[in-house]
Amino acid sequence: MVIVAGHIVVDPGRGDAYLAECVPLVVEARRSPGCLDFALSPDIADSGRINVHERWTSREAVEAFRIGGPSPAQTEAMLSASVAEYEVAAGRDLT
């Protein structure tokens, strides 16, 4: 399993608009082969921070989805980003 996690920083006044523009991306990701979960969410303490959480069955699934990359508008809106990919060997359900 691959987990992609981190955050994106946008202008605090643009956080809601940025997330609204990302709805089609989230829908597309969730329909992609190998996607287990895909979420972009506002940070409750920082209006310019958008949290990233993705779970994929494999690195190949992530790479197949990422071919297009972020749109030019999304890239332009990002002031900075700190997102990393982690390979997970095992997990434990906590529910």
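The values are calculated or read from the model by the stated rules, or taken from the named source; none is laboratory data. Nothing here was measured: the structure is a model prediction, and the numbers come from that model. As a convention, Cβ positions derive from the backbone with ideal geometry for all residues, glycine included, and neighbour counts pool all protein chains shown.
Values for this structure:
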{"quantity": "Number of positions in region 31-46 that are surrounded by 13 or more Cβ atoms within 10 Å (Cβ to Cβ) and among the charged types (D, E, K, R)", "calculated": "2"}
{"quantity": "Pairs where the first residue, in region 13-38, is closer than 11 Å to Glu54 by Cβ and of a type in the set (Ser, Thr, Tyr) and the second is assigned to a helix (DSSP H, G or I) and at pLDDT 90 or above, C-beta under 9 Å, 6+ apart", "calculated": "Ser32/Ala61; Ser32/Ala64; Ser32/Phe65"}
{"quantity": "Candidate set from region 69-95 (those that are in a helix (DSSP H, G or I) and free of Cβ contacts under 8 Å to residues at least 12 places away in the same chain); member that is farthest from Pro24 (Cα to Cα)", "calculated": "Glu76"}
